[in-house]
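Step one of this worksheet: look at the structure below.
None of the figures in this text is laboratory data; all of them are computed from the coordinates on show. From a predicted model like this one, the values you see are computed outputs, not experimental measurements. Cβ placement follows ideal geometry from the backbone for every residue including glycine, while neighbour counts extend to all protein chains displayed.
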Amino acid sequence: MMPRTMTTLAQAPTVNISVRKLSDITLNNEYLRSYTDVTTLKKSIESVGLIHPVTINARNELLAGARRFQAAKELGWDEISVQVIDRDELVQELISIDENLVRMSLTGLELEKYLNRGREIYEAIHPTANKVTLSTETLSAEEKQQQKADDEADEDSFAAVTAEKTGLSKSVIKSAIRRDALASDAVKHARSDGALNATQTNEIIRLAKEAQEKVLPLIEGKTAKETRRIIAAAQEGGWEAAREESEKIVPLPREYSQMLSPMKRVNRSISRILIEELRYEGPEQRAINNELITLKNNLLQYFEMMGIES
């Protein structure tokens, strides 16, 4: 049975505990998060000391513990306890990724990038472990059932060990990995700018990266349902078919989309009140009645504007 934590997946690393001058430690690692707010951490260290040493390699490069390092520096320390990892470059990188996945909140894109790179390293170190599939093919009901059974039995893939360590589900981890691995640079840029969400990205990555860049303008601002229609058309007939499908879609104003779910909830509640003849005469009665009267008046004006017989 394989070890169950990412930092020990490449067999137990050789660790030496010692002390280093802060000035001798370098921060060259792209995964480190330095210069964050460490006020609370400093108070903890002042109270109980540094419980967990930072992690460095043989070249005194910081691999994990950037916030602890920053806190010690801001407290005016000259030295800090370190654990020195003597392993190859891939394991060192995996340790840094592990630190970020477990200890820090990450943006969607950062999380996807770290998970996908962690997968690449993990599968290189453990070639016999279950692989995370990057396929986006639509599965039949039988195939979905088999995939669910496989996921439940899986204990040694990167998704499985990461799920146990982070609390994220295997399906969330796999979807995040696929978004980073399969999305084009243009799609990632649109995600970064807020023009595209994760659900839209899950659909557009069904296309080749070259096709994604052409179709991208067609799905920006579209709903998940509309995006699926456009991507399905692109898969069937290419960009021209996707454009034609996009032109058939009548944009739904944001105000309407925001109104639909609350209206359904209100209608369900009113129906239940009427069926059960549920009366209320408590302190909130006046506020509720005033809101309902306002709703009634707005609806009458809306029906008149739309030419609807009320």
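If each DSSP helix of 4+ residues adds -39,500 (n - 2.57) and the sum is divided by the residues in the chain, what number results at 222 nm, nearest 500 deg cm²/dmol?
-19000 deg cm²/dmol
Gaussian network model of the chain, Cα springs within a sub-10 Å range: biggest mean-square fluctuation belongs to which of Val266, Val132, Val250?
In the Gaussian network model the winner is Val266.
Over all directions, the average projected area of the alpha-carbon convex hull for the chain comes to how many nm²?
Convex hull of Cα atoms, orientation-averaged projection: 25.6 nm².
Given the pairs Lys188/Lys264; Lys144/Lys174; Lys73/Lys113; Lys131/Lys214, which are separated by over 23 angstrom at their Cα positions? Let's see the in-between values first.
Details: Lys188/Lys264 35 Å; Lys144/Lys174 15 Å; Lys73/Lys113 29 Å; Lys131/Lys214 30 Å.
Violating the 23 Å limit, Cα to Cα: Lys188/Lys264; Lys73/Lys113; Lys131/Lys214.
Tell me which residues come under 5 Å, amide H to amide H, from Glu79 once H is placed; ignore anything under 5 positions away on its chain.
Hits under the 5 Å cutoff: Leu22.
Please compute the volume of the convex hull spanned by the alpha-carbon atoms of region 254-306 and report it per residue in Å³.
Residue-normalised Cα hull volume stands at 96 Å³.
Based on a Kirkwood Rh over C-alpha pairs, give the Stokes-Einstein translational diffusion coefficient of region 29-184 at 37 °C and viscosity 0.692 mPa s in µm²/s.
188 µm²/s
For the chain, which longest stretch is free of loop sites, where a loop site is one of the chymotrypsin sites (Phe, Trp or Tyr not before Pro) that DSSP puts outside H, G, I, E and B and that has at most 12 other Cβ atoms within 10 Å?
Result for the longest clean stretch: 36-279.
Ordered by residue, what ³J(HN,Hα) values in Hz, to whole numbers, does region 247-260 give under the Karplus form 6.51 cos²θ - 1.76 cosθ + 1.60, where θ = phi - 60° and Gly and Pro are x?
Each residue's phi maps through the Karplus curve to give 5, 6, 7, 8, x, 9, x, 4, 4, 6, 5, 6, 8, 4 Hz.
Find out how many positive minus negative residues lie around Ala183, taking Lys and Arg as positive, Asp and Glu as negative, among other residues whose Cβ is under 10 Å from that of Ala183.
Summing Lys and Arg as +1 and Asp and Glu as -1 gives +2.
Using θ = phi - 60° and the Karplus relation 6.51 cos²θ - 1.76 cosθ + 1.60, list the HN-Hα couplings for region 163-168 in order, rounded to whole Hz, with x at every Gly or Pro.
4, 5, 7, 9, x, 6
In terms of the ratio Rg/(2.2 N^0.38 Å) built on C-alpha atoms, what value belongs to region 6-94?
Normalised by 2.2 N^0.38 Å, the Cα Rg of region 6-94 equals 1.07.
Less than 12 Å apart at the alpha-carbon level, and either on another chain or at least 8 residues along: which aspartates and glutamates does that give for Lys296?
none
Can you list the HN-Hα couplings for region 111-117, worked out from phi with the Karplus curve (6.51, -1.76, 1.60; θ = phi - 60°), rounded to whole Hz and with x for Gly and Pro?
The phi angles translate into 4, 5, 5, 5, 5, 5, 5 Hz.
Rounded to the nearest 20 Debye, what is the dipole magnitude of region 254-306 about its Cα centre when Lys and Arg each give +1 and Asp and Glu each give -1 at the C-beta?
Around 200 debye, computed over region 254-306.
Would you list which aspartates and glutamates come within 20 Å of Lys225, measuring only between C-alpha atoms, while excluding same-chain residues fewer than 8 positions from it?
Within reach: Glu137, Glu203, Glu213, Glu236, Glu240, Glu244, Glu245, Glu247, Glu255.
Fully extended, how many nm does the chain gain between Ala224 and Leu274 (0.36 nm per residue separation, minus their Cα-Cα distance)?
Computed gain between Ala224 and Leu274 is 14.5 nm.
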